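Structure record follows, encoded as structure tokens.
The values are calculated or read from the model by the stated rules, or taken from the named source; none is laboratory data. In this text the structure is predicted, and so the values were computed from the model without any measurement. Here Cβ is always computed from backbone atoms with ideal geometry, including for glycine, and neighbour counts include all displayed protein chains.
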């Protein structure tokens with residue numbers, strides 16, 4: 001067989017399998033027609049460990065991918081690169097392997113009896129990637145002709161070894177990323193998903209609905225004021241479902257500029273618009289086989305609502321600037337503090353999208369409607385924030401602190417409670433904690449309410465005047481944390497129905 005035929009056939013076998021050990025086995029079986037070889041090794045010297053690392057091994061019957069370190073003596077380490085042997089093509093013939101520390105220790109470690117070795121350094125320019133080792137029984141089995149044939153395979157083996165090392169690095173990074181992902185998911189569940197404070201009291205009905213819907217794939221719509229913990233409930237639904245091992249992708253629809261929302265949600269192709277320098281996967285694509293949480297869904301522009309409706313209907317998306325349809329396996333959980341039904345009437349939210357999302361609505365009550373949960377929340381946040389602030393001890397509460405916390409109206413709900421507790425710990429880390437100076441005064445509103453009914457005993461008139469007074473304070477705004485409904489502690493739709501019965505205009509027609 002001439003050199004050209006040998007090179008062509010051997011290279012096809014080296015590059016013919018993505019698994020380097022299988023490629024080595026196939027190549028060895030072919031080499032046996034030309035060269036005496038029973039075993040083949042791929043190795044590289046790891047200077048950090050002072051050891052030889054075996055990457056793969058093969059015989060004509062079996063092969064194996066390894067990551068095996070062989071500890072070397074000081075003598076063997078000194079000759080690990082075999083620099084003292086000067087031969088053409090970086091190929092070395094060992095007729096007496098036991099004579100050299102490096103070959104002797106490697107053979108003893110692998111418990112292999114080979115009396116003839118042929119070693120080729122896999123080197124590109126001045127960089128040594130590793131070495132290819134051929135071994136067989138018998139003395140003086142390898143000749144310069146054999147070395148000449150093998151030297152042709154230096155580049156194919158350099159490429160194969162380099163690709164294998166890069167692949168291993170990618171696998172290692174992927175494993176690290178998966179480990180980090182598991183850790184972060186665990187932390188997320190610990191902080192906001194595993195422990196639902198109030199699950200047995202004020203949120204009992206909510207948790208019953210969560211248990212009913214978690215195992216299904218139906219869309220869920222979470223309703224409630226800002227700060228009630230809609231994100232916590234969304235986490236609980238995801239991690240209680242069969243999708244718990246998949247991704248949980250959260251999107252604040254109100255925080256993304258209108259011009260970027262399509263790109264953020266659905267991704268884009270390279271060159272789709274100015275600045276699209278590379279392909280990008282959107283949030284929906286990243287949530288595949290998991291759950292996407294669309295917070296503040298009421299802030300989604302009408303244009304994006306159309307594309308969201310298509311996703312709900314077909315479970316398919318197209319990236320901006322793309323023509324390829326991408327199928328998705330996702331569950332959608334949406335949340336809002338706005339009255340979507342009223343927005344539909346005002347043509348601010350698509351009716352067909354509203355019907356699609358409103359399959360299983362869950363109303364999360366405000367904190368003032370579940371005051372029985374406040375002591376438990378207080379204890380939970382004090383412990384959590386004390387840990388986050390690295391306080392040596394958990395401060396105690398001052399006398400009457402729970403009363404002031406419980407009697408407060410909490411327009412910002414659980415989030416406001418959490419912030420006030422953190423503020424109190426910063427101001428007085430050793431305790432005892434007091435909240436009186438941290439809570440906004442509400443006496444003025446109470447006094448105003450008492451003055452309203454002084455000149456009438458008619459209940460509807462008293463209620464009407466009070467609603468007008470609160471609307472004046474909210475500048476006609478009904479929804480939102482600073483809206484009249486929040487101040488009155490009722491649902492916005494309930495307030496609108498009451499105003500309609502009492503003949504009170506709202507919106508642009510409101511005269512307060």
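Against the criterion of being surrounded by 15 or more Cβ atoms within 10 Å (Cβ to Cβ) and at pLDDT below 80, residue 162 does not qualify. Any residue at all in the stretch 30-44 that is free of Cβ contacts under 8 Å to residues at least 24 places away in the same chain, more than 20 Å from residue 106 (Cα to Cα) and surrounded by fewer than 20 Cβ atoms within 10 Å (Cβ to Cβ)? Yes: one or more hits. Within the set 378, 309, the sole residue that is touching a residue at least 24 places away in the same chain (Cβ under 8 Å) and either under 20 Å from residue 263 (Cα atoms) or within 27 Å of the chain's Cα centre (by Cα) (or both) turns out to be 309. Which one of these does residue 308 not meet: (1) surrounded by fewer than 20 Cβ atoms within 10 Å (Cβ to Cβ); (2) assigned to a helix (DSSP H, G or I); (3) out of contact with any helix residue (DSSP H, G or I) (no Cβ under 6 Å at 6 or more places or on another chain)? It fails just one condition, (1). I'd like to know if the stretch 328-335 contains one or more residues that are closer than 30 Å to residue 407 by Cβ and either within 21 Å of the chain's Cα centre (by Cα) or outside the structural domain of residue 407 (by TED's automatic domain parsing) (or both). Yes; the residues of the stretch 328-335 include at least one that is closer than 30 Å to residue 407 by Cβ and either within 21 Å of the chain's Cα centre (by Cα) or outside the structural domain of residue 407 (by TED's automatic domain parsing) (or both).
Of the residues in the stretch 266-278, none is in contact with a helix residue (DSSP H, G or I) (Cβ under 8 Å, 6 or more places away or on another chain), outside the structural domain of residue 373 (by TED's automatic domain parsing) and at pLDDT 85 or above.
Among all positions in the stretch 306-321, there is no residue which is at pLDDT 85 or above, within 28 Å of residue 419 (Cα to Cα), out of contact with any strand residue (DSSP E or B) (no Cβ under 6 Å at 6 or more places or on another chain) and outside the structural domain of residue 483 (by TED's automatic domain parsing). Out of the residues in the stretch 489-512 that are in a loop (DSSP other than H, G, I, E, B) and either modelled with pLDDT of 80 or more or more than 41 Å from the chain's Cα centre (by Cα) (or both), state the one that is surrounded by the fewest Cβ atoms within 10 Å (Cβ to Cβ). The qualifying residue surrounded by the fewest Cβ atoms within 10 Å (Cβ to Cβ) is 503. Scanning the stretch 11-48 for residues that are in a helix (DSSP H, G or I), under 44 Å from the mean Cα position of the chain (by Cα) and farther than 22 Å from residue 115 by Cβ yields 11, 12, 13, 14, 20, 21, 22, 23, 25, 26, 27.
Just so you know, in the stretch 381-418 the residues that are in contact (Cβ under 8 Å) with a residue 60 or more places away in the chain and in contact with a helix residue (DSSP H, G or I) (Cβ under 9 Å, 6 or more places away or on another chain) include one that is nearest to residue 438 (Cα to Cα), and it is 416. Total residues in the stretch 8-29 satisfying the condition of being surrounded by 15 or more Cβ atoms within 10 Å (Cβ to Cβ) and closer than 23 Å to residue 145 by Cα: the figure is 11. For the stretch 58-79, the criterion of being farther than 17 Å from residue 157 by Cα, free of Cβ contacts under 8 Å to residues at least 24 places away in the same chain and assigned to a loop (DSSP other than H, G, I, E, B) is met by at least one residue.
Can you find a residue in the stretch 404-412 that is outside any helix (DSSP H, G or I), surrounded by 18 or more Cβ atoms within 10 Å (Cβ to Cβ), at pLDDT below 80 and under 43 Å from the mean Cα position of the chain (by Cα)? Among the residues of the stretch 404-412, not one is outside any helix (DSSP H, G or I), surrounded by 18 or more Cβ atoms within 10 Å (Cβ to Cβ), at pLDDT below 80 and under 43 Å from the mean Cα position of the chain (by Cα), which makes the answer no. If you filter the stretch 472-485 down to residues that are at pLDDT below 80 and part of a helix (DSSP H, G or I), you find that the one that is surrounded by the most Cβ atoms within 10 Å (Cβ to Cβ) is 473.
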